[in-house]
Amino acid sequence: YEKILLPRALAMLVMFKDANNGTIPANEGLTTEWRAWASLPLATTALTEGSPPSDTALSISKVTATIQQFGAWVKASDLLVHQGIDPVWAQIYDLLGENAGASIHTKLVSILAAGTVVRYVGQTSRTAVTAVNIMTVVEVRNAMRTLAAANVRRFPDNSYHCLIHPNVAYDIMTDTAWRNPGEYNGGADWAGNAVSSGELGMLYGIKFMQSTDAPLFAGGGASGVDVYGTLFYGPGWYGIRDLAA
């Protein structure tokens with residue numbers, strides 16, 4: 001018997017790092033709120049000497065979210081703990097930690113995948129998507145145009161970000177404009193860290209984060225084909241809150 005444990009196959013939890021993170025203070029309830037102040041309309045009418053212009057109304061919108069609790073636990077007998085060949089407690093701790101991170105990440109992605117600003121490749125609905133409707137570089141440029149036309153800001157590295165499934169990435173990585181991380185930032189990711197957090201590459205000003213946690217609508221297309229979701233976004237698109245307690 002070799003006392004060597006094989007590593008577990010885990011999805012890259014890449015969506016944590018781009019979130020608007022924060023903490024709800026202890027004894028402050030379970031609800032959090034984000035507010036957005038709309039830009040003022042442009043002042044394009046010349047002023048009249050001695051006459052103040054009409055006041056401009058402020059517009060403030062808000063998004064609220066309520067914290068929910070999730071969890072898992074395992075049980076181990078005293079016989080297994082004391083006589084088991086493997087380091088039982090250490091493995092249990094690792095399993096629970098991995099499970100917590102993966103569970104939260106999967107829940108996060110499922111919420112993001114429920115967004116309403118959607119474009120379907122070659123179709124007008126998800127149920128009409130067929131096996132031939134695959135991701136192309138034209139769709140990538142369309143996504144960039146949509147974000148830019150809506151005045152969505154870019155990340156500090158002047159790029160938009162994207163969560164993509166490996167099966168979808170396969171369809172666009174052969175384009176001549178594709179760049180691997182080492183070709184545009186010396187082998188570091190967008191935040192200056194060594195590339196180990198799922199950053200796959202860059203195409204037309206969009207950096208792709210690869211994970212098998214990317215949206216997958218199993219059997220959601222025509223004739224029951226699987227439909228993959230690809231998420232294009234800028235900073236501030238989503239938020240995560242933890243509890244100070």
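The values are calculated or read from the model by the stated rules, or taken from the named source; none is laboratory data. Note that the structure is predicted; figures quoted are calculated from it, not measured. Because the Cβ atoms are built from the backbone with ideal geometry, glycine has one as well, and the counts that use them run over all protein chains shown. Surface areas here come from the heavy atoms of the whole protein model, side chains and all, with no ligands, DNA or RNA. Shrake-Rupley method; radii C 1.70, N 1.55, O 1.52, S 1.80 Å.
Look at segment 108-130 and say how many of its residues are open to solvent by less than 90 Å² (accessible area, probe 1.4 Å) and either in contact (Cβ under 8 Å) with a residue 12 or more places away in the chain or assigned to a loop (DSSP other than H, G, I, E, B) (or both).
Applying the first criterion (open to solvent by less than 90 Å² (accessible area, probe 1.4 Å)) to segment 108-130 yields 108-110, 112-115, 118, 120-123, 125-126, 128-130.
Adding the requirement that they be either in contact (Cβ under 8 Å) with a residue 12 or more places away in the chain or assigned to a loop (DSSP other than H, G, I, E, B) (or both) leaves 108-110, 112-115, 118, 120-122, 125-126, 128-130.
So the count comes out to 16.
In this structure, does Asp94 turn out to be touching a residue at least 60 places away in the same chain (Cβ under 8 Å) and among the charged types (D, E, K, R)? No, not satisfied. Count of segment 145-156 residues, restricted to those that are over 14 Å from Lys17 (Cβ atoms) and either assigned to a loop (DSSP other than H, G, I, E, B) or in contact with a strand residue (DSSP E or B) (Cβ under 6 Å, 6 or more places away or on another chain) (or both), is 6.
So which residues in segment 204-232 are part of a strand (DSSP E or B) and open to solvent by less than 50 Å² (accessible area, probe 1.4 Å)? Listed by number, the residues that qualify are Ile206, Lys207, Phe208, Met209, Val227, Leu231, Phe232.
I'm trying to understand the selection: among the residues of segment 157-179, which are part of a loop (DSSP other than H, G, I, E, B) and either among the polar types (S, T, N, Q) or touching a residue at least 60 places away in the same chain (Cβ under 8 Å) (or both)?
Asn158, Ser159, His165, Thr174, Thr176
Thr48 meets all of the listed conditions (1) open to solvent by 80 Å² or more (accessible area, probe 1.4 Å); (2) in contact (Cβ under 8 Å) with a residue 12 or more places away in the chain but one, namely (2). Mind telling me which of the residues Ser54, Ser59, Ser39 ends up being open to solvent by 80 Å² or more (accessible area, probe 1.4 Å), closer than 30 Å to Phe155 by Cβ and among the hydroxyl-bearing types (Ser, Thr, Tyr)? Residue meeting the stated conditions: Ser39.
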